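K.L.:
This is the structure, below, for whatever I ask next.
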Amino acid sequence: MSTYILGIESSCDDTSAAVICDGILKSNVIASQKVHEAYGGVVPELASRAHQQNIVPVVSEAIRMAGIDKSELSAIAFTRGPGLLGSLLVGTSFAKGMAIGLNIPLIDVNHLHAHVLSHFVKKEADDEVPEFPFLCLLVSGGNSQIVVVKSPYEMEIVGKTIDDAAGEAFDKCAKVMGLPYPGGPHIDRLAKEGDAKAFRFSKPHIPDLDYSFSGLKTSFLYTLRDNLKANPNFIAERKADLAASLQATIIEILIDKLSKALKEYPVKHIAIGGGVSANSGVREAVAAFCKKNAVRAWIPERAFTTDNAAMVAAAGYFKFLSKQYCDLSLPPYSRVTV
């Protein structure tokens, strides 16, 4: 008898549902919210309201695309946290209600675990996956971490940001340049047209494997301020060079710590995950670093870099196999580490 896992993701502003059958992806539906663009960032109250509107049709479509009836589901996996509490409440409440109605197990998934395990989303039974243990560079708008992944259930953070995340640096620097939200993709696009050596920005000197991006943001802001005094059109005239230099600096910071982590934790496989892993410069830099160090690189499909339920279902499938079910009384949580 086949095992069908329904995954539900609602940690931020994307409502997503996916179905995995015996570890193979059958559907992955995402409803994105455009309403936040006008505000330059996600508005929590608007996000939770949109989830309420989207979750029923998204789940229904995921089950339909999988070619099954909801009665065939073996368990429901959902993102319990971290994330926006209002958004998480929608997904959590729906998952609990559906699990009770179908009388099937409920599985809670750590959103960051799911990003790490996105590399285990299979489209075919013979798809390759990373070999344990491996290092994962997890970079997003809220997190920048280096994780030693020992198994689907055992992960150790060996490096993390002490202030801002890489994705936050991309978005906030893009915002002061007047770029639309989210700014990361616009920086990526402009960087391809600019000179990465045009400007030098501050890089932190943080011990061990931890990250810091607050100083970089300040350095970027001061560069704009000082040059705008002399030339009011500075940003418009040098936008591509600013984007390229910013992106190059962030990548240098990420790769420097990853290099130190590989020396401390010698592995044969390195993966990246999280929203920033969609950045073309980051993808190329990690691939080049792995090639130089004779390590296999795992670069996720862009569809699995942003928040999606396929990764939640994959993480849930592992927990289902070991019968790690969730009690119905457990609430969602907004903050936690891997």
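K.L.:
For the range 113-150, name all the residues that are more than 24 Å from PRO332 (Cα to Cα) and either more than 18 Å from the chain's Cα centre (by Cα) or open to solvent by 30 Å² or more (accessible area, probe 1.4 Å) (or both).
P.N.:
LYS122, LYS123, GLU124, ALA125, ASP126, ASP127, GLU128, VAL129, GLU131, PHE132, PRO133, LYS150
K.L.:
Out of all the residues in the range 100-112, which are out of contact with any Phe, Trp or Tyr (no Cβ under 9 Å at 6 or more places or on another chain) and either surrounded by fewer than 16 Cβ atoms within 10 Å (Cβ to Cβ) or of a type outside the set (Val, Ile, Thr) (or both)?
P.N.:
Across the range 100-112, the qualifying residues are ILE100, GLY101, LEU102, ASN103, ASN110, HIS111, LEU112.
K.L.:
Restricting to strands (runs of 3 or more DSSP E) lying wholly in the range 123-181: which have 1 or more residues that are more than 26 Å from ALA313 (Cα to Cα) and touching a Leu at 6+ places or on another chain (Cβ under 6 Å)?
P.N.:
Filter on the range 123-181 gives 155-160.
K.L.:
If we keep just the residues of the range 281-309 that are over 23 Å from CYS12 (Cα atoms) and of a type in the set (Lys, Arg), which is surrounded by the fewest Cβ atoms within 10 Å (Cβ to Cβ)?
P.N.:
Checking each candidate, the answer is LYS292.
K.L.:
Can you tell me which residue in the range 42-81 is nearest to VAL19 (Cα to Cα), limited to those that are under 20 Å from the mean Cα position of the chain (by Cα) and open to solvent by 20 Å² or more (accessible area, probe 1.4 Å)?
P.N.:
The extreme case among them is ARG80.
K.L.:
In the set LYS172, LYS197, LYS160, which member is within 15 Å of the chain's Cα centre (by Cα) and among the basic types (Lys, Arg)?
P.N.:
Going through LYS172, LYS197, LYS160 in turn, just one is within 15 Å of the chain's Cα centre (by Cα) and among the basic types (Lys, Arg): LYS160.
K.L.:
Step by step: first the residues of the range 229-256, then only those that are over 23 Å from HIS205 (Cβ atoms) and of a type in the set (Asp, Glu), then the one that is surrounded by the most Cβ atoms within 10 Å (Cβ to Cβ). Which residue is that?
P.N.:
ASP241
The values are calculated or read from the model by the stated rules, or taken from the named source; none is laboratory data. Source: prediction; values computed, not measured. In this analysis, Cβ positions are derived from the backbone assuming ideal geometry, glycine residues included, and neighbour counts consider all displayed protein chains. When the accessible area is computed, the model is the full protein with side chains, heavy atoms only, and any ligands, DNA or RNA have been set aside. Shrake-Rupley method; radii C 1.70, N 1.55, O 1.52, S 1.80 Å.
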